[in-house]
Amino acid sequence: MRKYFFAICTCFIFTFSFGQNQQVKIKTKINEVTVFLSGAQLTSIGNGSIEPGVSELIFENLTADMDENSIQVKGEGDFTILSVTRKINYLQDSPKSKEIKTLEDSLELLQNKNTTLQNQITIYDNEEMMVLANRVVGGANTGLKAIDFKEVADFFRARLNEIRTKKIEAQLKQQKINVETIKITNQLNVLNNKREKSTSDVFVTVASKTKVSAKFVIEYLVQNASWTPFYEIRVKDTQEPIQLNLKANVYQNTGIDWANVKLNLSTGNPSLGGTMPVLSPMNLGLYKPVQTIQNRPQSHINGRMLDDGEQPYSAPYRGRPETVAYTAADYTQTFEKQLTCQYEISIPYNIPSDGDIHAVDIQNLSLKADYSYYSAPKLDKDAFLVAKVIGWDQYSLLSGPATVFYDGTYIGKTAINVLNTNDTLDLSLGRDKNIVIQRTKLKDFSAKNFIGLTKKETYVYEVSIRNKKKQEINIEIADQIPLSSTSDITIKVEDNGAADLDATTGELTWKIKLAPSEDKKVKFSYTIQYPKDKILTGNY
């Protein structure tokens, strides 16, 4: 009987222990991050041992910024993943970093120095009071020789001066220590606030028949991260290809530092969603004005009496559509996926969770370009060097701001617009002051005349261009003829100055070649005819 009882108890204990979830904490490390234009996907890895039965694995100290719906847990080993849940941990503080510990040691040292100085100041104060309390010399009936009085006075003066000088020195040291203490305290507050942020714990329930050594991969999306493209354009001279360096400004404030991670930059944006739009029937109706009640002495709206002629209902609203050192770029591979482009950087990166911008090199391209100048003197009298880049559409470029360097000198900022559908990409490389352009209205040829009920105005302009450079240049000059928006206004081009005229936009274009020190002039004119009792509006 005892044997049967012992066997039953053994089975019960085994079954009970097998049915209980054994909790195992597993440490993970972020080893790969894919940053999107908005958001990022983090990949963490961890290793652990799974006991036979059902176990609950806890992956601690993950960012609280994770999207719960995006969590994916993969494992390597002979076990089964039963469930994955996530909980916010408001109590767990992340361990103190080396920086925090160093600052705390510095703060303690400053506090000790401050305490020592305060003790010195207290001693000086007591000594000063003692000297002042004993400054009465001689008795009521006892005189003091002049020489003795002078010696006593000199002693008091010297000792008081020494005490007060040392006290001032100690107070000045205290002030410096207090300033440094405030700085360190403020920095510690910032770091500790980050450390005290809530974290996420991911609970993974697994089942295994035997003891297993397992490897886990956890992937999830976070919101407080992004990247934006920007460029460096470098031109040595107009005989060389253009150097176009694509870079990224990476931002993250997820509460967890990305230390020594494999960094990928994707042009995708998970926050936009992937649900395609569906059109609904668009029904039209006729607006029926509300009939007002006759013989009504007064009208009101919202309790307010209406003014004479004011309508109680307004018309319905109609909406309106509104080479030297290597850089990360040398370790970057570009992969064009079905819907996005991804830049994979093979060297590890550190991106702390500080909300600051961190620059990352992506691509360094050498592109063939044709160089010329462009000017629209009506708007700006300067000539701009333009690089017409050929074959740019072979690369996965994004629109973004750019800084321009010419022959190693910073020129200014420009912008790259890859929405251009042309075969060439025009890049503005800045102003060239060695090309002088002047646009003048020739008053001697401009005139105003009246013909019956019509007023006729003639406008004549001259544009002069001078090349002060030591080499020949090609320049495109752009100007324009005004366009009529009504049949009452007639505009006629009298002389287009041998320019190409776009009749739809009124734009005039001259393509001119200038030798060194050569200058040329172009002239154009037009007339505007309109009723003399009217006034023209617009820029002409």
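Read-outs throughout are calculated quantities, based only on the coordinates presented, and are distinct from any laboratory measurement. In this text, all values refer to a predicted model and were calculated from it rather than measured experimentally. So basically every Cβ, Gly included, is an ideal-geometry build from the backbone, and we count neighbours across all protein chains shown.
Here are the numbers for this structure:
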{"read-out": "For T454, net neighbour charge (Lys/Arg +1, Asp/Glu -1) across residues whose Cβ lies under 15 Å away", "value": "+3"}
{"read-out": "Cα gyration tensor shape for segment 392-447, rounded if a/c is under 1.5, else prolate or oblate", "value": "oblate"}
{"read-out": "Violating pairs (Cα-Cα greater than 18 angstrom) within the set K381/K433; K381/K511; K87/K209; K247/K433; K25/K87; K388/K468", "value": "K87/K209; K247/K433; K388/K468"}
{"read-out": "Ranked packing of 390-400, 80-90, most packed first, by mean Cβ within 10 Å", "value": "390-400, 80-90"}
{"read-out": "Cut-off under 5 Å, modelled amide H: who pairs with V460 long-range", "value": "L442, S446"}
{"read-out": "Shape category assigned to segment 161-217 from the gyration tensor of Cα positions, a/c cut at 1.5", "value": "prolate"}
{"read-out": "Cut-off 12 Å between beta-carbons: net charge of the residues surrounding Q23, Lys and Arg +1, Asp and Glu -1", "value": "-3"}
{"read-out": "Proximal charge balance of G46 [Cβ under 9 Å; K/R count +1, D/E count -1]", "value": "+3"}
{"read-out": "Packing-based ranking, highest mean first, of 107-116, 466-475 given that Cβ atoms within 10 Å are counted", "value": "466-475, 107-116"}
{"read-out": "Burial order of peptide ranges 236-249, 487-500 (average beta-carbon count within 10 Å, highest first)", "value": "236-249, 487-500"}
{"read-out": "Isotropic mean projected area of the C-alpha convex hull, segment 435-531 (nm²)", "value": "6.7"}
